[in-house]
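The values are calculated or read from the model by the stated rules, or taken from the named source; none is laboratory data. Remember, it's a predicted structure, so these values are computed and weren't measured experimentally. All Cβ positions, even for glycine, are placed from backbone atoms using ideal geometry, and neighbour counts span all protein chains on display.
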Amino acid sequence: MNRQAFISILCGFGLVFFVLAVWANPYRFDASAPVFDSPDETANYFWTARVARGEPLWYQEPLEEIGNSLIKPRSMNVVGDRVVPGSFFGLPLLYGCIATLLGEWAIPFLTPLFASLAVIAFGLLTAKLFGRGIGLMSAALLAVLPPWWYFTARGMYHNVLFLSLVMIGVSLVMYLSSTTVIPAPYAATGQAPAGIQTKKEKRDRFLFIFFSVSPLWSGMTWWVKLLGWGIAGLLIGYAVVVRSSEAGWVFVLVFSIVVYQFFSLWKRESLNTFPWLGWLLFVACGMFALTPLFVTNIELYGAPVAIGYRGGVGQELGEFLRLLPRPEYRNLFFAPFGVDIIQLKRTVKGFLIDFFPWWTWPTTMGAGVVVGAALAGIFRQRKQNINQPLISNDRYIWGVDWKRWSAYLLTCAVISFLLIVYYGSWEFTDRIDGQAVSLNTSFLRYWLPIYVMGVPFIGLLVYWFISLFKLKWLRIMVAATAVCVFTYPSAALVLADTDESLMIVRSRMPAAALERRAFVGLVPEDAVVITYPQADKVLFPARRRLITALVNAEDYRAVQRLATEAPVYYYTFATLQEVEAISRREFEPYGMRLTDPQRVFKNRWLWRVARDDTPL
């Protein structure tokens, strides 16, 4: 397959995926404040729209002081009298800036756009590493990978944008670092000839000797190559802004690329072609891309570093570095939720083994082929020459470039281990019914890199199988059939099989919009509403003064104080008898009671919180 056909097919995959993701989006964006099915999406869209309108990433809430900082929806924090993002703000900043130029109508298309570019970049990357056949297969399989498709369609989560930026950046790095072209005067010896006089030749000599940068790169001028390095650094650096909790494994990934490239050139005695300037520019631009993180932290928290998974505590950088050796600070980068072996086993089995078995087992088989080829390759090297180094030109076993695949497998194993340890001990439920294993669970988002890294192993397995056939048309048919075999159960799960599948979510959004409309008609804008946690995704931002949790006596005293400053309501799906018991048990000891119930929507009721000394 020639290069033009390969790129055309990849672009076709990206375009088809973009259309599928936009079509599957379960939300309607024809309102000023769309209704979402999760608090994270609600918050991210709210902050994105504010940035697009030129507003800051916070809003004032004067009742926070007397309200014990309770007045906020989930996915947000309170700092003083300001409500601020409770999660990462890289997505709202980026999408908000783009929407400033294009309009808010563009917001729902941005994650599908970046994800489609990532599909193309992933195909180019795997083709660069393992060949165009595996590159095409990997791109096609990524497009139908259930969590990738699902969270691209629900595009207000951070995870797909983060991983898209990393994939595009790494693809750029791999192409840039493997295409160094030695200038013609140096091609024979790899060294600059004596007697160079012209300014151009002096410049070329300087670039080559000190930075291994050619004035020509695949028909492009040398500065275009440097620009590519800078863009790659900006992409990966800003990916850390989008999800700063992933900085550890992103560093491991970049470091592994540097080490692999360095030793690959070292074994060929070609270290003089190592792109020093490219990597320096990459690091400089990556650090520059972190500027929005520090600047926004200073604006929100008064210090460049905000610690904790949910932020909220600002610290000066020097103080943070001084305290870093302490376990509670050091563990922020490795195991912020502790290490619970039993919970680790449960989550790994539930989300990496049992959830997508039609992906898990082919991935394992493909990795097994790599391990077998690596063992056979090492044995053959040792048998041929006991003193022969493991790095040599003896590359292929069973048609598998076992050395390159082994390096990829090792990198995947290290990154997967870091992600499993980082998130695997966290025990939580995202659903109101307490069901832990569900399609929209946080684990599928947190471990999305693991699923994506496994895709090339399936591509290898399929490509290894179709290579058994001699006829080209038969190979194409088998490859297409293999993609369809993976697509059918994936599409069924993503679109319709569960109550969190995209079409099911879409079907319940009109009811959520009706609930919001009915609620807004009964509750004044200045009112404070105590509600069950899952209601905030519907009520916010139509009504901003929401309290989603009362956990101690001081919280109830805060509600008592709030009742003197603004109307306070209690919104619930509990029955009349249950609410009366709640009123006696939780409110009356603090001089309050729940009264005047009004049905809002279906089984949702609105009660007024009245102080005993306040006329009803």
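Restricting segment 546-556 to residues that are in contact (Cβ under 8 Å) with a residue 24 or more places away in the chain and either assigned by TED's automatic domain parsing to the domain that holds ALA33 or loosely packed, with under 15 Cβ neighbours inside 10 Å (or both) leaves a set whose member that is nearest to the chain's Cα centre (by Cα) is ALA549. Using the structure shown, decide if VAL528 is free of Cβ contacts under 8 Å to residues at least 12 places away in the same chain and either in contact with a helix residue (DSSP H, G or I) (Cβ under 7 Å, 6 or more places away or on another chain) or closer than 26 Å to LYS72 by Cβ (or both). No.
The requirement of being outside any loop (DSSP other than H, G, I, E, B), farther than 18 Å from ARG506 by Cβ and not acidic (Asp, Glu) is fulfilled nowhere in segment 28-36; no residue meets it.
Might you check whether a residue that is of a type in the set (A, V, I, L, M, F, W, C), more than 19 Å from LEU141 (Cα to Cα) and outside any loop (DSSP other than H, G, I, E, B) occurs anywhere in segment 441-449? Scanning segment 441-449 turns up at least one residue that is of a type in the set (A, V, I, L, M, F, W, C), more than 19 Å from LEU141 (Cα to Cα) and outside any loop (DSSP other than H, G, I, E, B).
Per-residue answers, yes or no, for (1) assigned by TED's automatic domain parsing to the domain that holds SER87; (2) surrounded by 14 or more Cβ atoms within 10 Å (Cβ to Cβ); (3) modelled with pLDDT under 95; (4) not basic (Lys, Arg):
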{"residue": "ALA5", "(1), (2), (3), (4)": "yes, no, yes, yes"}
{"residue": "SER8", "(1), (2), (3), (4)": "yes, no, yes, yes"}
{"residue": "LEU15", "(1), (2), (3), (4)": "yes, no, no, yes"}
{"residue": "SER32", "(1), (2), (3), (4)": "yes, no, yes, yes"}
{"residue": "ASP40", "(1), (2), (3), (4)": "yes, yes, yes, yes"}
{"residue": "THR48", "(1), (2), (3), (4)": "yes, yes, no, yes"}
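Can you tell me which residue among ASP430, ASP526, ASP499 is farther than 30 Å from GLY135 by Cβ, at pLDDT 90 or above and part of a loop (DSSP other than H, G, I, E, B)? If you could, list the steps in order and put the result at the bottom.
Working: ASP430 fails: at pLDDT 90 or above; ASP499 fails: at pLDDT 90 or above.
Checking each option against the conditions leaves just ASP526.
For segment 83-91, indicate whether the set of residues that are free of Cβ contacts under 8 Å to residues at least 60 places away in the same chain and either of a type outside the set (Lys, Arg) or assigned to a loop (DSSP other than H, G, I, E, B) (or both) is non-empty.
Initial filter on segment 83-91 (free of Cβ contacts under 8 Å to residues at least 60 places away in the same chain): none.
Looking through segment 83-91, none of the residues is free of Cβ contacts under 8 Å to residues at least 60 places away in the same chain and either of a type outside the set (Lys, Arg) or assigned to a loop (DSSP other than H, G, I, E, B) (or both).
SER256 satisfies every condition listed in (1) at pLDDT 70 or above; (2) in contact with a Pro (Cβ under 7 Å, 6 or more places away or on another chain) except (2). Hey, TRP105 hits all of (1) over 12 Å from LEU10 (Cβ atoms); (2) within 15 Å of the chain's Cα centre (by Cα); (3) touching a residue at least 60 places away in the same chain (Cβ under 8 Å) but one; which does it fall short on? That leaves (2) as the condition not met.
Look at segment 403-424 and say how many of its residues are in a helix (DSSP H, G or I) and either not hydroxyl-bearing (Ser, Thr, Tyr) or not assigned by TED's automatic domain parsing to the domain that holds ILE353 (or both). Explain how you work it out, then say what you get.
Taking segment 403-424 as the starting set, the residues that turn out to be in a helix (DSSP H, G or I) are 403-423.
Filter once more, keeping what is either not hydroxyl-bearing (Ser, Thr, Tyr) or not assigned by TED's automatic domain parsing to the domain that holds ILE353 (or both): 403-405, 407, 409-410, 412-415, 417-421.
Matching residues across segment 403-424 total 15.
Within segment 159-179, residues that are touching a residue at least 12 places away in the same chain (Cβ under 8 Å) reach partners that are outside any helix (DSSP H, G or I) and crowded, with 22+ Cβ neighbours inside 10 Å with beta carbons closer than 6 Å, at six or more positions or on different chains, in the pairs PHE162/ARG243; SER177/PRO275. Being loosely packed, with under 14 Cβ neighbours inside 10 Å and closer than 20 Å to ALA491 by Cα is the filter here; which residues of segment 17-29 pass it? Listed by number, the residues that qualify are VAL19, TRP23.
Can you tell me which residues in segment 227-262 are of a type in the set (Ser, Thr, Tyr) and under 25 Å from PRO92 (Cβ atoms)? Let's see the steps before the verdict.
To start, the set of residues in segment 227-262 that are of a type in the set (Ser, Thr, Tyr) comprises 238, 244-245, 256, 260.
TYR238, SER244, SER245 - these are the residues of segment 227-262 that are of a type in the set (Ser, Thr, Tyr) and under 25 Å from PRO92 (Cβ atoms).
Check GLY366, GLY338 and return the single one that is modelled with pLDDT under 85 and small (Gly, Ala, Ser). Reasoning before the result, please.
Numbers: GLY366 fails: modelled with pLDDT under 85.
One residue alone meets the criteria, GLY338.
Can you spot a residue in segment 123-132 that is in contact with a Phe, Trp or Tyr (Cβ under 6 Å, 6 or more places away or on another chain), among the aliphatic types (A, V, I, L, M), in contact (Cβ under 8 Å) with a residue 60 or more places away in the chain and buried (at least 20 other Cβ atoms within 10 Å of the Cβ)? The answer is no; no qualifying residue exists. The residues of segment 574-589 that are assigned to a loop (DSSP other than H, G, I, E, B) and crowded, with 16+ Cβ neighbours inside 10 Å amount to a single one, ALA574. The residues of segment 1-60 that are closer than 17 Å to ASN159 by Cβ and acidic (Asp, Glu), listed by number, are ASP37, ASP40, GLU41.
Among ARG543, ARG516, ARG599, which is the only one that is assigned to a strand (DSSP E or B) and either in the same structural domain as MET76 (by TED's automatic domain parsing) or closer than 24 Å to SER38 by Cα (or both)? The match here is ARG599.
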